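So the structure is just underneath, and the comments pick up after that.
Readers should treat all values here as calculations from the given coordinates under stated rules, not as data from a laboratory. The shown structure was predicted, so the numbers you read here are calculated from the model rather than taken from an experiment. Here the Cβ positions follow ideal geometry from the backbone for every residue, glycine too, while neighbour counts run over all protein chains shown.
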Amino acid sequence: MEAVAATGVCRAGGDIMTEIATPSPAPSEAGPLAGKLAESFGQMVQAYETHFSLSREEALQRATEPPFEGGQRALTGPPDQVSFFDLHQIARTDPDRAAARWEEIKRAALDELRTGHRAAAAAETFNDNAWQRARFLALREDLSAEWQPRNGIERQLLDTMAQAQAGYLVWLHRLTAYTSLESCTSDRRIKDEGRWQPPRQSDADTTEQAAAMMDRFNRIFLRTLRALCDMRRHSTPVIVQNGGQMNVAQQQVNLSSVSPPTGL
């Protein structure tokens, strides 16, 4: 069997099932990246002019000063703290080092995506902490252990499910707190006033909002789960016609003796 990686096409017994597409060369990002570096330099010059009331010549001189502040941080610091202007300043003296640093930043971004930390950061509140991050990653790991994602699309669907479940749990906690508080308030009113008082509209609205948000995140979870199930269900099978013998997992299989599935 001859396999074509670009399209997953199999050749067996001389028959080709689908058209073989010639893979196109990977597009170069040199042009767009150079444009972003130039844009960042222009923005820095404009910032010097606006905020420090410098002339254009003074602003240009300030922006191109050789030992730029934070240079070592840009070279060796955390990738998420490197700006396009930092890369521009590195490229002025060492274009190869700037290109290598850009590749380091992209690899770090890919690691953040594939390990779930980017999805976790998007689902966190402003008072995030290590426990909150660990809770999200636990949800994600539990889903991944069950589904064993096979590619980037499935990983991101599972990220969406983890985000939806995390949101659902947050609003469930709030709903429980609201209803418990309302119960305590109602008991106090009965004790103080000797009669039951209906909840105030603002309290009722707060409780209704929490219930609605729970339902919304639950629907997102179920919709994403349905999309993942559909993707698995409708995966395209490999079909070989007029085949003789082929090696599959180091074993010879006689394709001519395999009966076609019923209903085709």
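A compact table of results
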{"item": "Protection proxy ranking, peptides 47-54, 125-132, 137-144, average beta carbon neighbours within 10 Å, highest first", "result": "137-144, 47-54, 125-132"}
{"item": "Cut-off under 5 Å, modelled amide H: who pairs with Leu54 long-range", "result": "Glu49"}
{"item": "Phi to ³J(HN,Hα) by Karplus 6.51 cos²θ - 1.76 cosθ + 1.60 over the range 144-153, Hz, x for Gly, Pro", "result": "5, 5, 7, 8, 6, x, 9, 7, x, 4"}
{"item": "Cβ crowding within 10 Å averaged over residues, with 36-43, 158-165 ranked highest first", "result": "158-165, 36-43"}
{"item": "Note, ³J(HN,Hα) from phi for the range 88-97, Karplus 6.51, -1.76, 1.60, rounded to Hz, x at Gly and Pro", "result": "4, 5, 5, 5, 4, 10, 8, x, 5, 5"}
{"item": "The range 46-63 - phi-based ³J(HN,Hα) in whole Hz, Karplus 6.51/-1.76/1.60, Gly and Pro as x", "result": "5, 5, 4, 5, 7, 8, 10, 6, 8, 6, 4, 5, 5, 5, 4, 5, 5, 6"}
